[in-house]
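The values are calculated or read from the model by the stated rules, or taken from the named source; none is laboratory data. In this text, all values refer to a predicted model and were calculated from it rather than measured experimentally. Cβ atoms come from the backbone with ideal geometry, glycine included; neighbour counts cover every protein chain shown. Accessible surface areas use protein heavy atoms only, side chains included; no ligands, DNA or RNA. Shrake-Rupley method; radii C 1.70, N 1.55, O 1.52, S 1.80 Å.
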Amino acid sequence: MILFHALRILRYMSMTPPALPLITASIQSMKLSFYIVAILTACLFPVFFYIGQIDDAPGVIIIGIGLVLAPLTIGTLLACIQQLLLHYVLPMKS
């Protein structure tokens with residue numbers, strides 16, 4: 001779903017006048033998808049912690065933290081891009 005919306009954004013940007021409302025809608029969908037992935041990986045974090053404790057491997061716990069933080073970071077970046085589009089680019093078009 002995330003890749004589908006990313007390809008959609010590229011297609012909308014290649015239009016002669018870029019379809020900015022459609023781009024912001026796709027960014028909203030991507031942002032929601034990344035937050036859902038972050039929540040699901042946060043639910044799996046106890047599994048990573050348990051495996052790390054059994055095998056005495058702190059690297060597994062760090063990987064679990066990275067898997068939770070990566071989608072959150074990308075979702076926050078997309079939220080910033082969406083706000084920039086809504087507040088600065090779209091008002092200039094009208």
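Could you run through region 30-63 and say how many residues are closer than 15 Å to I74 by Cβ and surrounded by fewer than 17 Cβ atoms within 10 Å (Cβ to Cβ)?
The total comes to 5.
Does region 11-29 hold any residues that are modelled with pLDDT of 90 or more, open to solvent by 90 Å² or more (accessible area, probe 1.4 Å) and within 19 Å of L84 (Cβ to Cβ), and which are they?
Passing the criteria: none in range.
Taking only pairs six or more apart or across chains, which ones have beta-carbon atoms under 9 Å, a first residue in region 35-64 that is modelled with pLDDT under 95, and a second residue that is surrounded by 12 or more Cβ atoms within 10 Å (Cβ to Cβ) and not in a helix (DSSP H, G or I)?
I51/A57
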